[in-house]
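Have a look at the structure below before the remarks.
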Amino acid sequence: MPNQVRALRLALNLTQREVAARAGITRQTLSLIEKNDYNPSLKLCLQLCYILNATLDQVFWVAPTEEI
């Protein structure tokens, strides 16, 4: 699923390791999420939004015309 995790993480000057530790996941899992190779659970999506200080639609919005 397309997302803005990487862009928001970088805007906050956070490393993958820092965000992953706060979310309770591995750095590798966060990397897969950022590359759109892993679809996180809703719970994890919400945790990432909280960490990145963003809303769900800011981080994980998919336009109706985009391929999921």
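Can you pull out the residues in region 43-68 that are surrounded by 10 or more Cβ atoms within 10 Å (Cβ to Cβ) and either of a type in the set (A, V, I, L, M) or assigned to a loop (DSSP other than H, G, I, E, B) (or both)?
Passing the criteria: LEU44, LEU46, LEU48, ILE51, LEU52, ASN53, ALA54, THR55, LEU56, VAL59, TRP61, VAL62.
In region 23-42, which residues are of a type in the set (Asp, Glu), in a loop (DSSP other than H, G, I, E, B) and within 14 Å of ALA7 (Cα to Cα)? So that I can check it myself, show each step before the final result.
At the first step, the residues of region 23-42 found to be of a type in the set (Asp, Glu) are 34, 37.
The next check asks that each one be in a loop (DSSP other than H, G, I, E, B); those that pass are 37.
The answer is none; no residue qualifies.
If the Cβ limit is 7 Å and pairs must be 6+ apart or interchain, which residue in region 9-38 that is more than 17 Å from ASN53 (Cα to Cα) pairs with which residue that is at pLDDT 95 or above and exposed (fewer than 13 other Cβ atoms within 10 Å of the Cβ)?
Within 7 Å, the pairs are ARG27/ARG17.
The values are calculated or read from the model by the stated rules, or taken from the named source; none is laboratory data. All values derive from a computational prediction rather than experimental measurement. Backbone-built Cβ (ideal geometry, glycine too); neighbour counts: all protein chains shown.
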